[in-house]
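Rule-based calculations on the coordinates, nothing more; no lab input. This one's a predicted model, so the numbers in the text were calculated from it and none came from an experiment. Methodologically, a virtual Cβ is constructed for each residue, glycine included, from the backbone with ideal geometry; neighbour enumeration extends over all protein chains shown.
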Amino acid sequence: MYNKNIYCFRHGETDWNKEKRFQGLTDITLNETGRNQANSLIPIIAKLNIKTIYSSPLKRAVETANIIAKSLNLNVIKIDDLQEVNTGKASGLLYEEVDNIFGGGSFENWKSTLPEHDSFGFPDGETKLALRQRAVKTILDIAEHSSEQNFAVVTHGFFLKQLLLDLGSENHKGLKNAEVIHFTYNITKKDLQFLSRFTGPT
């Protein structure tokens with residue numbers, strides 16, 4: 001049996017990305033750079049024989065998906081579980097502020113990939129382990145039920161990082177806005193594999 005190709009990409013830039021603020025579920029729109037980044041994905045997606053983009057319901061992801069879909073006449077399907085990690089009371093804070101508010105080491109614990117920090121989450125938010133489990137289940141569910149061999153997914157940076165970590169990939173560092181990650185799904189083995197990362201012209 002054949003593999004399905006899954007092209008996941010992070011949404012375009014927002015002002016909060018630029019300012020290095022935790023966004024979480026706060027519904028921030030793209031800035032001008034982010035819209036340009038979304039447009040840069042159009043020639044890439046056009047070559048991949050894709051008909052459908054599955055998107056997080058958050059505005060920054062939906063706007064990215066819609067820019068591409070409008071140009072290429074694609075379907076956009078919003079899926080709630082593709083949304084970013086819930087950063088709880090850290091949402092809206094600068095990265096540099098969280099240690100003062102939640103205790104020293106909070107930011108390093110959040111960024112850490114060590115197993116002992118998997119249970120870390122900000123107050124009223126989602127733990128890294130919970131996100132990782134959600135990310136894997138959601139992508140596998142889409143892959144299993146999609147009737148298409150090739151499809152795209154627009155989601156979020158921390159979501160994609162946790163997905164890559166679950167697969168044991170070292171390619172989880174420094175994910176850029178509008179960067180594409182190519183996975184394959186073997187429909188016989190029900191197995192997800194990382195293949196590559198790439199970006200379009202800027």
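A few points about this structure:
- Within the range 3-198, DSSP assigns beta bridges of which about 55% are antiparallel (rounded to the nearest 5).
- Of Phe107, Phe22, Phe151, the one that fluctuates the most in a GNM where the chain has Cα springs shorter than 10 Å: Phe107
- Estimated from the Cβ-Cβ distance and a Förster radius of 45 angstrom, the FRET efficiency linking Glu116 and Phe198 is about 0.85.
- Signed unit charges on C-beta, dipole axis of the range 1-75, positive-most listed residue Tyr54, Gly12, Gly24: Tyr54
- Cα lying deepest toward the dipole's positive end in the range 3-198, options Phe158, Leu94, Ile77, charges on Cβ: Ile77
- Across Lys4/Lys51; Lys18/Lys176; Lys4/Lys47; Lys4/Lys190; Lys111/Lys161; Lys161/Lys190, pairs whose alpha-carbon gap is larger than 19 Å: Lys161/Lys190
- Span-rule helices in the chain, defined as complete DSSP H runs reaching 30 Å or more along the axis (Cα) with Kyte mean at least 0.5: none
- Column: log10 I(q)/I(0), Debye, Cα scatterers of the chain, q = 0.10, 0.18 Å⁻¹: -0.39, -1.27
- Considering only Gly92, Gly103, Gly157, the Gaussian network model of the chain with Cα springs below 10 Å gives its largest mean-square fluctuation to Gly103.
- For the chain, modelled as a GNM whose springs connect Cα atoms under 10 angstrom apart, the maximal fluctuation among Lys20, Lys78, Lys51 occurs at Lys20.
- For Val154, residues with placed amide H under 5 Å, excluding near neighbours: Phe9, Tyr54, Ser55, Ser56
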